[in-house]
1. Only one of these is farther than 16 Å from residue 193 by Cβ and either surrounded by fewer than 14 Cβ atoms within 10 Å (Cβ to Cβ) or out of contact with any helix residue (DSSP H, G or I) (no Cβ under 6 Å at 6 or more places or on another chain) (or both): 245, 294. Name it.
2. State which residue pairs qualify: first residue closer than 12 Å to residue 65 by Cα and inside region 31-46, second residue modelled with pLDDT under 95 and outside any helix (DSSP H, G or I) in any location, beta carbons under 6 Å apart, and separation of 6 or more residues or different chains.
3. Quick check on this structure: which one of 57, 35, 40 is within 13 Å of the chain's Cα centre (by Cα), within 22 Å of residue 171 (Cα to Cα), modelled with pLDDT of 95 or more and surrounded by 24 or more Cβ atoms within 10 Å (Cβ to Cβ)?
4. Sort through 130, 142, 134 and tell me the only one that's part of a strand (DSSP E or B) and within 19 Å of residue 37 (Cα to Cα).
5. Every residue in region 7-48 that is touching a helix residue (DSSP H, G or I) at 6+ places or on another chain (Cβ under 7 Å) and part of a strand (DSSP E or B), please.
6. Kindly indicate the residue of region 65-91 that is modelled with pLDDT of 90 or more, assigned to a loop (DSSP other than H, G, I, E, B) and in contact with a helix residue (DSSP H, G or I) (Cβ under 7 Å, 6 or more places away or on another chain) and also farthest from residue 25 (Cα to Cα) among those meeting that condition.
7. Would you mind stating whether residue 205 is surrounded by fewer than 17 Cβ atoms within 10 Å (Cβ to Cβ), more than 14 Å from residue 12 (Cα to Cα) and under 17 Å from the mean Cα position of the chain (by Cα)?
8. Of the residues in region 116-148, how many are more than 19 Å from residue 204 (Cα to Cα) and surrounded by fewer than 18 Cβ atoms within 10 Å (Cβ to Cβ)?
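The values are calculated or read from the model by the stated rules, or taken from the named source; none is laboratory data. As the structure is a prediction and not an experimental result, all values here were calculated from the model. No Cβ is skipped: glycine too gets one built from the backbone with ideal geometry, and neighbour counts run over all protein chains shown.
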C-alpha cells in the first residue's frame, strides 16, 4: 500500500505505561496528537494527593506529558519521575507535586496540565495531553458473581470483571476533547489495562458518545500478554469483547505477532505485527518505533 499523503491527526486514549508507548509512537508519524488520559488512579503518590487535595489523578498525566514532549531522557523529564525519600513528601513523584501545586495556584487542573506541558517544551502545534475529566472520579466494578469492587487499584487485582463504571456518573470531559475525536484520522485505544486504563477514560460520557460516532479509524492495540487478575486467561477476542460490552467498538485490532495471546473470534480485522521490544529487560513492553510503523501502515 502507498504511504499516506499527509501526516494524520491522532487521538490516543488510555493510561499507564501503555499510553506512553503510543505517545512515543505518535511522535514519529502524526501531525498532531491529543492524549486523553484516565484520571481514576487511586494508588501510590497519586492516590495520596487525590485524597488530600481532591484533585484528579496526576500520575499518568505526568508520564504522558514527558513522553509526548520527548523529554523523558532530558534532565527535567527525568526529574519529573524523581521520588523523594526520607522526607515529609516521601514516595511522591516530583511531577505529581508540580501538577498538584500548579492546580492550587491556578485553581484549575487543566491549566496546571497545560502549564506543565509548556515547561517540558511540548509544542501545542504538535500535541496536547489532556485529562479525560477534570472532576475527581473513581472507578467501580461488578464481577461475574455479583461482587462489587470500588477503586481502580482494587479492580486491577480482581478477576472475573463483568462491568466497570465511573463514580460519580455523568462526569464531563474538558471542552474540545469530543471535537478532537471527531477531527482525528485515527483514534488509538491502548495498549494498557482494558478496564482500569482504557475504559476509565472512554466511559466519560461525551468521549464515549464521540467514540461511537467518529469517522476516525478506531484501533485497539492489544496488550502483549494477559494481566494477572484483571484479564487473566483472556485471548484477544475477550479483550475486544470487554470493550464492546461497554459500547466501545474498534474498527481494527493490532496484535503482537508471535505473542502468547491466542486470537479467538474477534469480529473485526486483526493485524499481526512485530510490536515488542527485543531487549530482555523490556521484553513485555511495546516498542514505540515498531508500534509507530504498524499504526501508520494500517492508515495507508
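1. None of the other options fit; the residue is 294.
2. If the second residue must be modelled with pLDDT under 95 and outside any helix (DSSP H, G or I), the pairs left are 37/15.
3. Working: 57 fails: modelled with pLDDT of 95 or more; 40 fails: modelled with pLDDT of 95 or more.
Only one candidate passes the filter, namely 35.
4. Residue meeting the stated conditions: 130.
5. 9, 10, 11, 12, 13, 14, 33, 34, 35, 36, 37, listed by residue number.
6. That would be 82.
7. Yes; evaluated as a whole, the condition is true for this residue.
8. As a first pass, look at region 116-148 and keep what is more than 19 Å from residue 204 (Cα to Cα): 116-127, 143-148.
From the residues that got through so far, the ones that are surrounded by fewer than 18 Cβ atoms within 10 Å (Cβ to Cβ) too are 118-119, 121, 123-126, 143-148.
Final tally of qualifying residues: 13.
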